[in-house]
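*Asks:* Before we start, here is the structure in question, set down as structure tokens.
The values are calculated or read from the model by the stated rules, or taken from the named source; none is laboratory data. The shown structure was predicted, so the numbers you read here are calculated from the model rather than taken from an experiment. Methodologically, a virtual Cβ is constructed for each residue, glycine included, from the backbone with ideal geometry; neighbour enumeration extends over all protein chains shown. Ligands, DNA and RNA are stripped out before the accessible areas are found, and what is left, the full protein with its side chains, is counted by its heavy atoms. Shrake-Rupley method; radii C 1.70, N 1.55, O 1.52, S 1.80 Å.
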Amino acid sequence: MSKLTFARAINAGLRKALENDPKVVLMGEDIGSLGGVFRVTDGLQKDFGKHRVVDTPLAESAIIGTAVGLAYRGYRPVCEIQFDGFIYPAFDQIVSQVAKMHYRTQGRVKMPITIRVPFGGGIGSPEHHSESPEAYFTHTSGLRVISVSNPQDAYTMIQQAIASDDPVLYFEPKRRYHDKGEVDETADLLTALPMEKARVVTTGSDVTLVTYGPLVKTAGDAAMAAADEGISVEVIDLRSLAPIDFPVVEASVRKTGRLVITHEAAQSGGLGAEIAASITERCFNYLESAPVRITGFDIPYPYSKLEMHHLPDLDRILDGVDRALGRGNSLSGLEG
């Protein structure tokens, strides 16, 4: 076991994929000699060459379009979108080509493309640098969407994504890049938890708290704080956002009878709405109260001085737990 930062764990996973398969190619803006703006790809171009770790122009649509061509030729491109908000110029390529090519060709063409997206807030950056666009892609059939929350998953799931014959959007929470954790670099991908499976982080009996990516750590802290008040919170890290591992969530809600969902993205049309609706349909007779969503507000991403009021934190999550237990009140529609 090695103790690695989140960013170094992704780097190690990319290195392993490059070593294991000569058809793996990394592409992105400044990912080569600079190692990316977050230094996630640091040292990879030096060790694998400019033909496998490619510095691209500042043109996200061209990056993804080139990846489609490479996939046609049998390569496994790994594209880095420098910041979450920069993905929009590539949106047409992703939803019109990457997501549909396999279906359009009746299975004759595979799109083993991995798109790395540093996402979320908490780093003091403005709009286009702190956004959570995952719902745009979970709505699109033909894409796998995953989000990692810890260094071990970051290491394992980047390799699973690259090995998949399906296109995968890999959302990595940039505010967790410096978090450290134990990483088993000898882990066998065949025996590791599949990337489409959710993970129960903390077991509990009173409330189910569902989240992913940057808020898994915050949710764990909230569960510990709730325990001090005698409330037992079960925290679930979804890991996969499309498809969602509903059986794990269902089993938890059937036990606790209460559901809280939290994510940084806006509430309207967010993933929390889909989870709340689906669990209500599947577990209606087990629910003791309506599902509660704790999310970012329905506003453009705020300036850095205001972002901590926008992002769900421990207090807002605990308020959601209280509301699920009938101990609190909604904030008149302002609460996400």
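*Asks:* Among L271, L4, Y72, pick out the residue whose Cα is farthest towards the positive end of the charge dipole of the chain, where Lys and Arg carry +1 and Asp and Glu carry -1 on C-beta, about the Cα centre.
*Replies:* Y72
*Asks:* Taking the Cα centre of the range 26-139 as the origin, how large is its charge dipole in debye, to the nearest 20, when only Lys and Arg (+1) and Asp and Glu (-1) carry charge on their Cβ atoms? Mind showing how you got there, number by number?
*Replies:* On the way: 11 positive and 12 negative charges, 162 e Å.
It works out to roughly 780 debye.
*Asks:* Another question, if that's okay. Any idea how far apart D47 and E185 come out in nm if each label point goes 7 Å out from Cα toward Cβ?
*Replies:* Once both label points are built, they end up 0.7 nm from each other.
*Asks:* Just to be sure I understand the curve: with the Debye formula and one point per C-alpha of the chain, what is log10 I(q)/I(0) at q = 0.10 Å⁻¹?
*Replies:* Evaluating at q = 0.10 Å⁻¹ gives log10 I(q)/I(0) of -0.57.
*Asks:* What's the whole-number percent of alpha carbon pairs in the range 1-93 lying beyond 22 angstrom? Write down the numbers at each step before the final one.
*Replies:* Details: 1092 of 4278 pairs.
Roughly 26 percent, rounded to a whole number.
*Asks:* Let me ask you something else. Compute the length gained on full extension between D165 and N20: take 0.36 nm times their separation in residues and subtract their Cα-Cα distance, giving the result in nm to one decimal.
*Replies:* Values: separation 145, 0.36 × 145 = 52.20 nm, distance 1.57 nm.
The span from D165 to N20 would gain 50.6 nm if fully extended.
*Asks:* So, one more: So what's the net charge close to R73: Lys and Arg +1, Asp and Glu -1, counting the other residues with Cβ under 13 Å from its Cβ?
*Replies:* Numbers: positive: K23, R76, K110; negative: none.
Result for the local shell: +3.
*Asks:* Please identify which residues in the range 155-175 have an amide N closer than 18 Å to a label point set 7 Å out from the Cα of S2, following the Cα→Cβ vector.
*Replies:* Residues passing the 18 Å test: 155-160.
*Asks:* From Cα coordinates alone, what are the radius of gyration and Dmax values for the range 196-256 in angstrom?
*Replies:* My reading of the Cα-based Rg and Dmax gives 11.1, 35 Å.
*Asks:* Here's another thing I want to ask about it. Quick one: angle between helix 151-163 and the longest Cα principal axis of the chain, in degrees between 0 and 90, rounded to 10, please.
*Replies:* Value to nearest ten degrees: 50.
*Asks:* Note the per residue figure in Å³ for the convex hull of the C-alpha positions in the range 182-295.
*Replies:* Values: hull volume 12.7 nm³, N = 114.
So the per-residue Cα hull volume is 112 Å³.
*Asks:* For V200 and D55, calculate 0.36 nm times their separation in residues minus their Cα-Cα distance, and state this gained length in nm to one decimal.
*Replies:* Numbers: separation 145, 0.36 × 145 = 52.20 nm, distance 3.85 nm.
Here the segment from V200 to D55 would lengthen by 48.4 nm.
*Asks:* Here's something else I'd like to know. I'd like the accessible area for E29: 1.4 Å probe, protein heavy atoms, all chains in place, Å² to the nearest 10.
*Replies:* Looks like 10 Å² after rounding.
*Asks:* Which value, in nm² and rounded to one decimal, describes the direction-averaged projected area of the C-alpha convex hull of the range 33-145? Present the calculation step by step, with values, prior to reporting the outcome.
*Replies:* Working: hull surface 29.6 nm².
One quarter of the hull surface, i.e. the mean projection, equals 7.4 nm².
*Asks:* Still on this model: Under a Cβ-only charge scheme (Lys and Arg +1, Asp and Glu -1), can you give me the dipole magnitude of the range 197-336 about the Cα centre, in debye to the nearest 20?
*Replies:* On the way: 13 positive and 19 negative charges, 64 e Å.
Dipole magnitude for the range 197-336 comes out near 300 debye.
*Asks:* As a test of the formula, what do you get for the chain when each DSSP H run with n ≥ 4 contributes -39,500 (n - 2.57) and the sum is divided by the residue count, at 222 nm and rounded to the nearest 500 deg cm²/dmol?
*Replies:* Only helices count here, giving -9500 deg cm²/dmol.
*Asks:* Okay, moving on. Measuring with a 1.4 Å probe in the full set of protein chains, what accessible area per residue, in whole Å², belongs to the chain? Walk me through the intermediate numbers first.
*Replies:* Working: 14330 Å² over 336 residues.
Here the per-residue accessible area is 43 Å².
*Asks:* For the chain, with the dipole built from +1 on Lys and Arg beta-carbon atoms and -1 on Asp and Glu ones, taken about the Cα centre, which of A198, S149, F48 lies farthest toward the positive end?
*Replies:* The listed residue farthest towards the positive side: F48.
*Asks:* While we're looking at this one, here's another question. Taking the Kirkwood radius as the inverse of the mean 1/r across Cα pairs, report the Rg/Rh of the range 63-106.
*Replies:* Working: Rg = 10.9 Å, Rh = 11.1 Å.
With Rg and the Kirkwood Rh in hand, the quotient comes to 0.98.
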